[in-house]
Amino acid sequence: MSTEREKQIISLLHENSPLTVEELAGFLDVSEVTVRRDLVAMEKKGVISRRRGGAALPDQGAEPLFVQREKKNHDLKRRIGQYAADQIREGEVIALDVGTTTAELAKALVKRRGITVFTSSFQVASILSKSNLHVYMIGGLIRFNEMSMVGSVAIESIKKFNFDRYYLGLAAVNKERGLTDYSVEEAEVKQTFIAQSKEVIALVDRTKVGESSLLKVCEFDQLSEIITNRSDEESEHPVFDLGFQGKITLV
């Protein structure tokens, strides 16, 4: 393979990881066959990790910054957020997780009325500050790189309330490794929201399905629904390989 192209791939993955084969081919102006061949060679060297339909930098534990993730797969996340918002009814008490997809859900709620929202995310709270909704920000220790609240104070605060629905964000979803995320502190907060909620709805853009991250957040049977994106071949969508027995919605 071209040494220059290898450098370009690594540089692109440092900006946004993971990337799909299609995205890399577009950036590099080469065929997808060429990209796949390059990725096989680079994985053998240990410089990248191949994933379903793409590649990532090897370190699963390194969480991309919110601003980096916000730009990635934006249209996929926006569609999930809009669909999820359309399902929320007036009078409900909901909880919104930290994350870029839940931020898109928050944007879709700005003009709504009669909904009470709890969140541990500064980003979500900031978006909803422009609305007429009742918005409660969970207190706790600030996790600066994600602008969220974590720790024992946050957990004890969440335990005081009950929620109709919790909209859960995740780094990845995998049949063997389950529903995973980057941060131990965030996982503890997510688990507490799950325990206090009648329904738990995972918002997962299709690029995360079949992947895995640092640690498991919960079991599949704790979810009510997974909302993800349509693919070209819906009968072969990897979400149907997860073994999830609940509702699956493709948008």
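The values are calculated or read from the model by the stated rules, or taken from the named source; none is laboratory data. Just so it is clear, the model here is predicted, and its values are computed rather than measured. Glycine also receives a Cβ, built like all others from the backbone with ideal geometry; neighbour counts cover every protein chain displayed. Accessible surface is based on the protein model in full, side chains and every heavy atom, while ligands, DNA and RNA are left aside. Shrake-Rupley method; radii C 1.70, N 1.55, O 1.52, S 1.80 Å.
Remarks
- To put it simply, the accessible area of the chain at a 1.4 Å probe is 48 percent carbon and sulfur.
- Per residue accessible area in Å² of the chain, where ligands, DNA and RNA are left out and the probe is 1.4 Å: 48 Å²
- Within the range 79-172, the trypsin sites (Lys or Arg not before Pro) that combine a DSSP coil assignment with at most 12 other C-beta atoms in a 10 angstrom radius are Arg89, Lys111, Arg113, Lys130, Lys159, Lys160.
- Ranking of Arg230, Arg52 by solvent-accessible surface, largest first: Arg52, Arg230 (1.4 Å probe, protein heavy atoms only, all chains present).
- Restricting the GluC sites (Glu not before Pro) of the range 165-251 to loop positions (DSSP other than H, G, I, E, B) with no more than 10 neighbouring Cβ atoms within 10 Å leaves Glu176, Glu219, Glu233.
- Stokes-Einstein D (µm²/s) once Rh is taken as the Kirkwood radius of the chain over alpha-carbon pairs, at 25 °C in 0.890 mPa s: 130 µm²/s
- The mean of 1/r over all pairs of different alpha-carbon atoms in the range 84-220, once inverted, gives a Kirkwood hydrodynamic radius of 14.8 Å.
- ³J(HN,Hα) computed for each position of the range 213-226 - Karplus, 6.51 cos²θ - 1.76 cosθ + 1.60, integer Hz, glycine/proline x: 10, 5, 8, 6, 8, 7, 8, 4, 6, 8, 8, 8, 7, 10
- Cβ-Cβ distance of Asn16 and Lys216, R₀ of 30 Å, FRET efficiency by 1/(1 + (r/R0)^6): the value works out to about 0.75.
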